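Have a look at the structure below, then the notes.
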Amino acid sequence: MTGTVDALPLVDESAPPPGDLEAFSEWLAAGGDVELLKDAPDPYRDVLQQTIAIAADLEIMSLPLLYNALLNAPDVEARIAVAASIQDEMGHAQMMFRLLEEFGVSAQATIFGRGPEAYKSFYILEHGCDDYIEFICMQTYGDRAGYITTVDLAANCSFAPYRRSLAKVNFEEKFHFRHGEREIRRLWEKRPDLRERIQATVDWMFPLAVEWFGVTDDRKSRTGQLTYRIRGHSNDELRQRWLREATAFSESVGLRVPAHYDQEADAYVLDYRLPVLFDEATKTWDLTTTVEWPAKFAQWKRGGPRKLPGVALIQGQRWGAELWVA
Ligand SMILES: [Fe+2]
Ligand SMILES: [Fe+2]
């Protein structure tokens, strides 16, 4: 079959000439969409590249995150669910690295040519999901956090190719957290003997997911993503959406979480004040002690215990044609 349907434009006819940053910013603010990177000024490209590069690293980090949950799945249905999630995340990584090629970035060099410590992942992905309960909790709280971030990008990002590629990502992320919720509810009701373990997992994972959205808005120094309409909402706005949905779900099941609805503020609020520190050895939080942000940044920078082994696992695998050598 020949002919094209809804052919994409090869040039942004309405875009201001590259180099005129002010005109470009005004054009973006008026709803302009970038189709081709060559039409975009360097500062815009830099913020966009950084955003996609972090997204790509996060997708790669979700592969080793789920590795033990795959090995320890209690039955074949559970193993299929974990494998499907891993496969989806692999597809997301592939999509992000395809976009990064537009910036001249090589997936091979980025995944295999860097030391594990150079990966820019998020702290929640650096502790592992070692069994099926941790996996469904990660889907419920972690994948939902990812979904809220990427839905915002898909709705607002001024780089149209990124928006379009996120449609499939978002469909799959939604499937992940819906699956997690359904499984938590099912086990909570059918297996009262597992309730304590589910609650214990949520106790350490919930505050990690709160941290997915980064520093609070009053501390955020880099605002390029909002200025260039790469994102539509701030850290605190996205965190609020997550808090509302995650808390409402937890309460509907009977799970305790350190957050509640505040009538006066007409918002969901945490029962503690950010930032707080996680004790990796005991997997517990000291929610009563608010620390200074530099202490939190240091914890994030050091990375969780599974970050380096996780990347090493990915980099040490045999890939591609090598897999077929007897
Ligand atoms: Fe993903
Ligand atoms: Fe996911």
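Filter the stretch 128-139 for residues that are within 16 Å of ligand 2 (Cβ to nearest atom) and either part of a helix (DSSP H, G or I) or surrounded by 22 or more Cβ atoms within 10 Å (Cβ to Cβ) (or both) and give the result. Across the stretch 128-139, the qualifying residues are Cys129, Tyr132, Glu134, Phe135, Ile136, Cys137, Met138, Gln139. Of all residues in the stretch 150-202, those being outside any helix (DSSP H, G or I), basic (Lys, Arg) and under 29 Å from Leu100 (Cα atoms) number 0. Selection of first residues in the stretch 232-256 that are touching a residue at least 40 places away in the same chain (Cβ under 8 Å) and of second residues that are of a type in the set (Lys, Arg), restricted to Cβ pairs under 7 Å at least 6 apart or on distinct chains, gives the following pairs, ordered by first then second residue: Trp242/Arg144; Glu245/Arg144; Ala246/Arg144; Val253/Arg185. For the stretch 46-61, the count of residues that are assigned to a helix (DSSP H, G or I) and farther than 22 Å from Asn170 by Cβ is nonzero.
Selection within the stretch 29-45: residues that are modelled with pLDDT of 90 or more and part of a helix (DSSP H, G or I). The member of this set that is surrounded by the most Cβ atoms within 10 Å (Cβ to Cβ) is Tyr44.
A count restricted to the stretch 79-104 and to residues that are buried (at least 17 other Cβ atoms within 10 Å of the Cβ), of a type in the set (A, V, I, L, M) and more than 18 Å from the chain's Cα centre (by Cα) stands at 1.
For the stretch 65-85, name all the residues that are in contact (Cβ under 8 Å) with a residue 24 or more places away in the chain and either assigned to a helix (DSSP H, G or I) or more than 16 Å from ligand 2 (Cβ to nearest atom) (or both).
Within the stretch 65-85, Leu65, Tyr67, Asn68, Ala69, Asn72, Ala73, Pro74, Ala78, Ala81, Val82, Ser85 qualify.
If only residues of the stretch 159-188 that are without any contact (Cβ under 8 Å) to a residue 12 or more places away in the chain and under 12 Å from Val253 (Cα atoms) are counted, the one that is surrounded by the fewest Cβ atoms within 10 Å (Cβ to Cβ) is Arg186.
Can you find even one residue in the stretch 205-223 that is of a type in the set (A, V, I, L, M, F, W, C) and more than 19 Å from Leu270 (Cα to Cα)? Steps first, please.
So the first thing to find is which residues in the stretch 205-223 are of a type in the set (A, V, I, L, M, F, W, C), and the list is 205-206, 208-210, 212-213, 215.
Subsequent filtering for residues that are more than 19 Å from Leu270 (Cα to Cα) retains none.
Looking through the stretch 205-223, none of the residues is of a type in the set (A, V, I, L, M, F, W, C) and more than 19 Å from Leu270 (Cα to Cα).
The criterion of at least 1 residues that are buried (at least 20 other Cβ atoms within 10 Å of the Cβ) and small (Gly, Ala, Ser) is met, among helices (runs of 4 or more DSSP H) falling completely within the stretch 203-317, by 235-253, 307-316.
Restricting the first member to the stretch 35-61 and to residues that are farther than 16 Å from Trp212 by Cα, and the second to residues that are assigned to a helix (DSSP H, G or I) and of a type in the set (D, E, K, R), the beta-carbon pairs closer than 8 Å and six or more apart or on different chains are Leu37/Arg45.
The values are calculated or read from the model by the stated rules, or taken from the named source; none is laboratory data. A quick note: this is a predicted structure, and the numbers were derived from the prediction, not measured. Here Cβ is always computed from backbone atoms with ideal geometry, including for glycine, and neighbour counts include all displayed protein chains.
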